[in-house]
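Structure record follows, encoded as structure tokens.
The values are calculated or read from the model by the stated rules, or taken from the named source; none is laboratory data. Please read these numbers as outputs of a predicted model, since none were measured by experiment. Heads up, the Cβs are rebuilt from the backbone with ideal geometry, glycines too, and the neighbour counts pull from every protein chain shown. These area figures cover heavy atoms from the full protein model, side chains too; ligands, DNA and RNA do not enter into them. Shrake-Rupley method; radii C 1.70, N 1.55, O 1.52, S 1.80 Å.
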Amino acid sequence: MANNSLNTGIKLVKNVGSFNIGAGSLDELPAHVDARRASAIKQGGEGKVVFLIDEFFAGQPATLSRLGAKEQDRIEFVSTRDEPKTEAIDLRVAGLVKAGFSKPATIVGLGGGITLDTAKAVSNLLTNGGLAEQYQGWDLVKVPGIHKIGVPTISGTGAEATRTCVMTNTRNGLKLGMNSDHTVFNHLVLDPELTATVPRSQYFYTGMDAYIHCVESMAGSYRNAIGDAYSRETISLCRQAFLAEDMMSPESRERLMVASYLGGCAIATSYVGLIHPFSAGLSVVLGLHHCVANCIVMRAMDEFYPKACEEFWTMVERQRVTIPENICSGLTDEQYSALYDATVIHQKPLTNALGSNYLEVLTFDKVTSLFLKM
Ligand code: NAD
Ligand code: ZN
């Protein structure tokens, strides 16, 4: 460990309790849900279940009919227009309590990172009480959340595996999750058939999050032997998927689903580097979603990650996707300073990438010139 300021303090690493994997494994979900109902009823509960589902699936009755939902349950569709906000999470929790779902037997989150993070946050709040913003930080969640099952429908962020759920605080703009062992899913269903309908460009942007996380952590000074092993395999699986003829073939979709899960396990024990802080700047100041923002940042990272950048652009070309450009030209002085502030605030990943004197490299002019390449 090269730098003590990067000590995570995490001595024990918690992983997801159990998972099903493989094409068609969605059909295993009802048995898990029913087992939770039965145990809740045994303990005097009603055995009702909450399903939080990505809005895309509102138009997919064939998938909805396979989840094991019953009339007594609550199905809520989660909008993906905005990434999760603390206020929206609080409203959803209040709505569930009002509707009599304060102690469901389990919460099923089915969707992308937005929906999975929403399920994690709601689960913690139903048992811990209070407001989402009170738990933004490290190890602030006091008691286990409601049992929760994650079903990812797009691969890359690793949200299915991590101990956080990213939320933006509507009051102060802080983008930070509930980093806690209690945030980890109890069970996952990893069914690569579910990702067949993702639009190609979105599939690429989100999938690249796994590759980028691991490239950053492998290039950093803070290293963890298990994290490195997860990262190496994640990068290898991403290469197999994105350098293949078709990143969305059944084989590629299965590889990427595994890469996403392993990539999530990797970041749980390590740090990202330069790309995520710049990406966070784009999200906070310009409102871009996380995964597309990462890809835009790759336009300016060749001096820091030359090999990964070369490979990234080969993958872009191979899969014929478009990465937005000229995002930062013609902004106001206030916007450039907001971009600078929102980037350099990420002390730990930037220290991991450049050392504790990272501000000597990342001067205002340097950071602005990098944003202008995007
Ligand atoms: P998303 O939830 O943002 O969804 C992206 C789009 O894909 C949406 O339009 C959604 O409706 C659509 N979609 C999802 N599955 C689909 C399917 N099977 N078919 C068709 N359309 C589908 O997806 P994301 O990129 O996985 O998640 C981004 C979020 O993840 C951000 O909020 C980010 O902050 C968060 N994140 C969390 C972690 C974590 O550890 N918790 C890590 C990284 C990112
Ligand atoms: Zn990410």
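Things worth noting here:
- Residue count, the range 146-174 (criterion: open to solvent by less than 20 Å² (accessible area, probe 1.4 Å) and on the phi < 0 side of the Ramachandran plot): 15
- When the helices (runs of 4 or more DSSP H) confined to the range 333-374 are screened for residues that are closer than 19 Å to Thr168 by Cβ, those reaching at least 1 such residues are found at 333-344, 347-354.
- When residues of the range 187-224 are limited to those that are polar (S, T, N, Q) and within 16 Å of Gly111 (Cα to Cα), the one surrounded by the fewest Cβ atoms within 10 Å (Cβ to Cβ): Thr197
- Filter result for Lys148 (more than 16 Å from ligand 1 (Cβ to nearest atom), touching a residue at least 40 places away in the same chain (Cβ under 8 Å) and of a type in the set (Lys, Arg)): no
- Pick from the range 283-300, criterion without any contact (Cβ under 8 Å) to a residue 60 or more places away in the chain and within 16 Å of ligand 2 (Cβ to nearest atom), ranking: surrounded by the fewest Cβ atoms within 10 Å (Cβ to Cβ): Leu288
- All positions within the range 225-266 that are crowded, with 18+ Cβ neighbours inside 10 Å, touching a residue at least 60 places away in the same chain (Cβ under 8 Å) and not aliphatic (A, V, I, L, M): Phe242, Arg253, Glu254, Ser260, Tyr261, Gly263, Gly264, Cys265
- Hey, Thr168 free of Cβ contacts under 8 Å to residues at least 60 places away in the same chain, hydroxyl-bearing (Ser, Thr, Tyr), touching a strand residue (DSSP E or B) at 6+ places or on another chain (Cβ under 8 Å) and within 16 Å of ligand 2 (Cβ to nearest atom) or not: no
Rundown of residues vs (1) away from ligand 1 (no atom under 11 Å from the Cβ); (2) more than 18 Å from Leu350 (Cα to Cα); (3) in contact with a Phe, Trp or Tyr (Cβ under 8 Å, 6 or more places away or on another chain), yes/no style:
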{"position": "Thr206", "(1), (2), (3)": "no, yes, no"}
{"position": "Ser236", "(1), (2), (3)": "yes, yes, no"}
{"position": "Leu243", "(1), (2), (3)": "yes, yes, no"}
{"position": "Gly273", "(1), (2), (3)": "yes, no, yes"}
{"position": "His290", "(1), (2), (3)": "no, no, no"}
